[in-house]
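Shown next, in structure tokens, is the structure this report addresses.
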Amino acid sequence: MIGLMVAGCSSKEPSKGEIALFDLAAKAQAENNFKQALDIYNKIIEEFPKSPRIDKALFMAGFIHYENFNDTTQAALAFQQIVDKFPQSDLYDDAKFMLETIKSGQDPFTAIQNKINK
């Protein structure tokens with residue numbers, strides 16, 4: 001029983017390697033090296049598919065595709081994965097909003113303004 005509890009707890013904690021990759025991705029993004037940041041987020045997605053932070057990696061990859069590379073197709077795929085696989089995620093509503101924004105063809109700021117004005 002204790003072994004199951006310990007095993008259950010450890011699976012919710014990110015590994016040191018995963019934390020290091022998130023840190024590298026954030027640093028690359030802060031330095032406007034969006035290609036490198038995207039590559040690192042994709043590596044996290046591939047190497048840590050069961051991570052409790054996989055939704056964050058997907059969201060950041062989608063955001064970079066959308067905001068920095070104007071690639072709405074890849075952005076929508078990343079956001080859709082969050083909506084489909086992680087309905088309890090803190091990023092669920094944001095991913096859903098980004099999907100709606102992409103489908104409407106509006107930029108996020110206009111979409112937010114339209115929501116406020118309704």
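The values are calculated or read from the model by the stated rules, or taken from the named source; none is laboratory data. None of the values given here were measured: they were computed from a predicted structure. Quick reminder, even Gly has a Cβ in these numbers, built from the backbone with ideal geometry, and neighbours come from all protein chains shown.
Of all the residues in segment 29-42, those that are surrounded by fewer than 19 Cβ atoms within 10 Å (Cβ to Cβ) and in a helix (DSSP H, G or I) number 6. Residues of segment 50-97 that are among the basic types (Lys, Arg), over 10 Å from the mean Cα position of the chain (by Cα) and over 15 Å from PRO108 (Cβ atoms): LYS50, LYS85.
When ALA25 is tested against the conditions (1) out of contact with any Lys or Arg (no Cβ under 9 Å at 6 or more places or on another chain); (2) in contact (Cβ under 8 Å) with a residue 24 or more places away in the chain; (3) in a helix (DSSP H, G or I), the lone failure is (1).
Note on segment 43-82: among residues that are free of Cβ contacts under 8 Å to residues at least 24 places away in the same chain and surrounded by 18 or more Cβ atoms within 10 Å (Cβ to Cβ), the one that is nearest to GLU100 (Cα to Cα) is PHE79. Checked against (1) assigned to a loop (DSSP other than H, G, I, E, B); (2) modelled with pLDDT of 95 or more, SER51 meets all criteria but (2).
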